[in-house]
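Each remark here refers to the structure printed beneath this line.
The values are calculated or read from the model by the stated rules, or taken from the named source; none is laboratory data. Being a predicted model, the structure only gives us computed values, none of them experimental. Just the protein is used for accessible areas: all its heavy atoms, side chains included, with ligands, DNA and RNA removed. Shrake-Rupley method; radii C 1.70, N 1.55, O 1.52, S 1.80 Å.
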Amino acid sequence: RWTRAYKDDVIDGLMLTASAPVYDKSEVFRGITGIDIPLETVTKDVLNIDRSNENRLVHFAFLLDNLGRLIAFPEEYQPLFGLQMKTESFSNSADKLELTLADSVDQDVQRFAQEIVDSKTVFASLDLDSGSYYVVTDRLNKLGWVYGVVVDQQVVFDIFTRNRTGVRVMIRNLGIKGAVIAFTVTLISLALVFFW
């Protein structure tokens, strides 16, 4: 079981707690064990997209709980989606993160948020301030959490254009090689007929 993100009393920042029951060999309940994980760790480690490739396909990823509340959503992309996480007023562990995509100031994001709550898998196109994006989400089976991936439409178009051009060049090269091979075989055949 996972808690919602909350203000940690010990470290500066938000925290998630995972807990699980402990049973002995006879399947008798003996207690509960848990671990606290800083939300920053989840955002950086679980949702980390390899940024070494300058033409990467995935712009960023995010994680929502089963009700659409943000679990992990990179802070640098929150303004893009019309979100503002106001955690500076959080003072103790009773303060929990309640932000959802429906809290966005962008109406397209609000509609998208409703689709996420209503569906297992969503594919949407969002026009945001800095460009157009494809967003694909899927619900994780056991937890019911939603994992989402955001892709810049221009990057997809550029990759498609490069691949289409590459395929055309490959087909042209195959045609040239085929013509050369056919010509060579014809010459060899004619030479064999005349000199044999």
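When a/c reaches 1.5 or more, the comparison of a/b and b/c decides; with that in mind, is segment 72-158 rounded, prolate or oblate per its Cα gyration tensor? All intermediate terms of the calculation are to be shown ahead of the outcome.
Numbers: a/c = 2.06, a/b = 1.36, b/c = 1.52.
Oblate shape, in that a/c is at least 1.5 and b/c is the bigger or equal ratio.
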With a 1.4 Å probe and all protein chains kept in place, how do VAL135, VAL22 rank by accessible area, largest first? VAL22, VAL135
Could you pull out every residue, at least 5 positions away or on a different chain, whose amide H is within less than 5 Å of the one on THR100? Hs are placed 1.01 Å off N in the peptide plane, and Pro or chain starts have none. LEU70
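With the cut-off at 28 Å, tell me which of the pairs LYS7/LYS120; LYS25/LYS96; LYS86/LYS142; LYS25/LYS142 have Cα atoms farther apart than that.
On the way: LYS7/LYS120 30 Å; LYS25/LYS96 36 Å; LYS86/LYS142 30 Å; LYS25/LYS142 24 Å.
Violating the 28 Å limit, Cα to Cα: LYS7/LYS120; LYS25/LYS96; LYS86/LYS142.
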Can you give the accessible area of GLU40 in Å² (nearest 10), computed on protein heavy atoms with a 1.4 Å probe? 110
Mind listing the long-range amide H neighbours of SER132? Cut-off is under 5 Å, sequence gap 5 or more, other chains count too, H placed in the peptide plane at 1.01 Å from N. GLN153, GLN154
